[in-house]
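Here is the structure we will look at.
The values are calculated or read from the model by the stated rules, or taken from the named source; none is laboratory data. All of these numbers come straight from a predicted model, not from anything done at the bench. In this analysis, Cβ positions are derived from the backbone assuming ideal geometry, glycine residues included, and neighbour counts consider all displayed protein chains. Protein only, heavy atoms only, side chains kept; ligands, DNA and RNA dropped before computing areas. Shrake-Rupley method; radii C 1.70, N 1.55, O 1.52, S 1.80 Å.
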Amino acid sequence: MNTYANTVNGKPVVSDKTFESLNPANGEPIGRVPVSTHQQVKDAIAAARAAQPAWAARPDAERKALMMKVAGVIKANADYLAEWVTREQGKPLGGIGPDQVPGSRFELWGCEVWTQVPASLDLPVDLAFEDETRRDEVHRRPFGVIAAIAPWNWPLLIAIWQIVPSLRAGNTVVIKPSEYTSIGTLEMVRLIAEVLPPGVLNTVSGAGEVGALLVDDARIDKIMFTGSGATGAKIAAQAAKHLTPTTMELGGNDAAIVLPDADPKAIAMGLFWGAFINMGQTCACAKRLYVPDSLHDAVVAELKVLCETMPMGDGMNAGTVMGPMQNRMQFDKVSRLVERARADGANVVCGGAPAKGPGHFYPLTLVTGIDDGAPLVDEEQFGPVLPVIRYRDVDDAVARANRLDVGLGASVWSADVERARAVAARLQAGTVWINQHGMIHPMVPFGGTKGSGWGVEFGVDGLKAVTQPQVISIRR
């Protein structure tokens with residue numbers, strides 16, 4: 001079995017201590033990952049610090065051109081990397097067209113696009129003020145060294161969201177992939193680092209203690225984290241010791257509200273993928289569905305047909321639409337939440353019984369007869385289970401959607417866009433979609449409110465988030 005190396009200062013780095021990466025479809029080991037030592041973490045940060053001044057001093061056009069080269073490397077190796085995503089994360093290979101399964105090939109296509117877009121954007125000097133006595137310009141300067149910690153649900157795509165804008169703006173990066181999905185990220189970095197100067201992009205790997213060593217180093221100038229609120233709170237506390245700025249995307253528990261004028265047949269497929277893309281293991285999935293009494297049964301019936309007809313299996317097999325859950329921890333959490341709901345009297349419309357045999361396969365599950373306050377509603381399940389909650393009137397639905405201390409995304413579904421817009425304005429979420437859910441775009445800023453974190457990614461605002469403003473004030 002191969003051991004896959006970290007990349008530090010442009011060179012492969014392995015460790016005496018390793019751990020196995022497992023295929024969630026069958027539980028079989030697929031490779032070994034080094035556990036970075038404290039010294040190796042220090043070395044990666046030192047390499048990034050040494051490389052950063054020269055990287056920042058390059059003309060902006062050169063950095064943009066190199067990011068385009070990175071996009072080319074991703075495209076050229078998309079099939080190889082997509083197979084690693086499927087084998088490690090579980091999502092099916094799928095395709096990249098509008099009618100294809102949004103799986104690993106889609107993820108690699110996203111990596112390419114989310115590299116090309118920052119490479120195409122400018123960060124012009126802004127004129128803050130000017131009169132006959134003075135001129136005040138706002139310039140954008142890189143932070144320095146960015147520590148990035150990527151999650152296991154979209155392991156390559158979210159890594160790219162952290163890496164590429166940071167490099168484009170003149171920072172250097174040390175990234176730690178999730179211990180559940182390390183190999184694909186290590187391999188992607190190995191490939192794209194070949195077109196970058198040594199030290200500009202580095203990796204460390206291991207469990208939470210390695211991430212703690214990374215973010216607790218005073219030589220880190222900014223931290224980017226995507227993951228759970230509990231881990232985010234620990235990272236924020238460590239960052240506070242050194243006053244290190246952070247961008248935190250901490251997940252949500254997104255509410256979707258169906259208005260009484262919606263057509264259940266017209267919205268069913270959008271609701272389905274809004275809730276179940278990547279087996280529900282996406283921060284911006286719809287995880288609570290609020291439906292008026294008048295449409296409840298019809299919406300549930302439409303979703304039930306979709307849930308029961310989507311083929312599930314090993315993502316490497318042709319025709320697979322839904323894969324396994326990524327890890328046993330999340331599988332057990334989902335199982336526990338569904339069993340608690342069942343025991344408390346909720347109705348499991350479909351699914352709800354874990355598949356027997358190897359792999360973390362949990363059927364697509366709809367739960368009705370459930371209300372706010374139930375753990376399945378109040379806790380982010382992060383899996384293929386959707387609770388459907390009846391509501392009395394729109395004010396009631398908005399209050400229910402806003403009651404939790406999270407606010408990453410939300411959605412409103414209606415035949416009347418202006419009516420939906422009025423409801424959307426009342427929802428406490430970083431993004432509110434109308435007649436769609438989770439449809440992010442590389443030009444559109446994305447981030448959460450309340451317990452879902454702070455800061456934004458994507459587009460010009462995302463580039464600004466990995467820079468610091470410097471005002472140059474000129475006396476006339």
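Just a few scattered comments:
- Residue in the range 448-461 that is more than 23 Å from Gln162 (Cβ to Cβ), open to solvent by 10 Å² or more (accessible area, probe 1.4 Å), without any contact (Cβ under 8 Å) to a residue 24 or more places away in the chain and out of contact with any helix residue (DSSP H, G or I) (no Cβ under 6 Å at 6 or more places or on another chain) present: no
- Flag for Val388 being among the β-branched types (Val, Ile, Thr) and either farther than 28 Å from Cys307 by Cα or not in a helix (DSSP H, G or I) (or both): yes
- Candidate set from the range 356-368 (those that are touching a Lys or Arg at 6+ places or on another chain (Cβ under 9 Å) and either surrounded by fewer than 22 Cβ atoms within 10 Å (Cβ to Cβ) or not β-branched (Val, Ile, Thr) (or both)); member that is farthest from Gly345 (Cα to Cα): His360
- Any hit, the range 224-245, residues being within 23 Å of Gln428 (Cα to Cα), open to solvent by 50 Å² or more (accessible area, probe 1.4 Å) and touching a strand residue (DSSP E or B) at 6+ places or on another chain (Cβ under 8 Å): yes
- So Gly184, is it open to solvent by less than 40 Å² (accessible area, probe 1.4 Å) and assigned to a helix (DSSP H, G or I): yes
- Count of residues meeting criterion [open to solvent by less than 60 Å² (accessible area, probe 1.4 Å) and without any contact (Cβ under 8 Å) to a residue 60 or more places away in the chain] in the range 320-332: 2
- Residue in the range 128-146 that is assigned to a helix (DSSP H, G or I) and either touching a strand residue (DSSP E or B) at 6+ places or on another chain (Cβ under 6 Å) or among the small types (Gly, Ala, Ser) (or both) present: no
- Filtering the range 419-433 to residues that are touching a helix residue (DSSP H, G or I) at 6+ places or on another chain (Cβ under 7 Å) and either surrounded by fewer than 18 Cβ atoms within 10 Å (Cβ to Cβ) or at pLDDT below 95 (or both) leaves only Arg426.
- Residue satisfying all of: in the range 249-272; in a helix (DSSP H, G or I) and more than 20 Å from Gln100 (Cα to Cα); most open to solvent (accessible area, probe 1.4 Å) among these: Lys265
- Subset of the range 188-210 (residues that are open to solvent by 10 Å² or more (accessible area, probe 1.4 Å) and either part of a loop (DSSP other than H, G, I, E, B) or farther than 20 Å from Lys64 by Cβ (or both)): Arg190, Glu194, Val195, Leu196, Pro197, Pro198, Ala207, Gly208, Glu209
- Residues that are hydroxyl-bearing (Ser, Thr, Tyr), in a loop (DSSP other than H, G, I, E, B), at pLDDT below 95 and within 30 Å of Asn435 (Cβ to Cβ) are absent from the range 273-292.
- Taken together, the residues in the range 16-45 that are in a loop (DSSP other than H, G, I, E, B) and either of a type in the set (Asp, Glu) or open to solvent by less than 20 Å² (accessible area, probe 1.4 Å) (or both) amount to 6.
- Meets criteria (at positive phi and at pLDDT 95 or above) for Gly72: no
- Filtering the range 98-119 to residues that are over 16 Å from Met316 (Cβ atoms) and surrounded by 24 or more Cβ atoms within 10 Å (Cβ to Cβ) leaves Cys111, Trp114, Thr115, Pro118.
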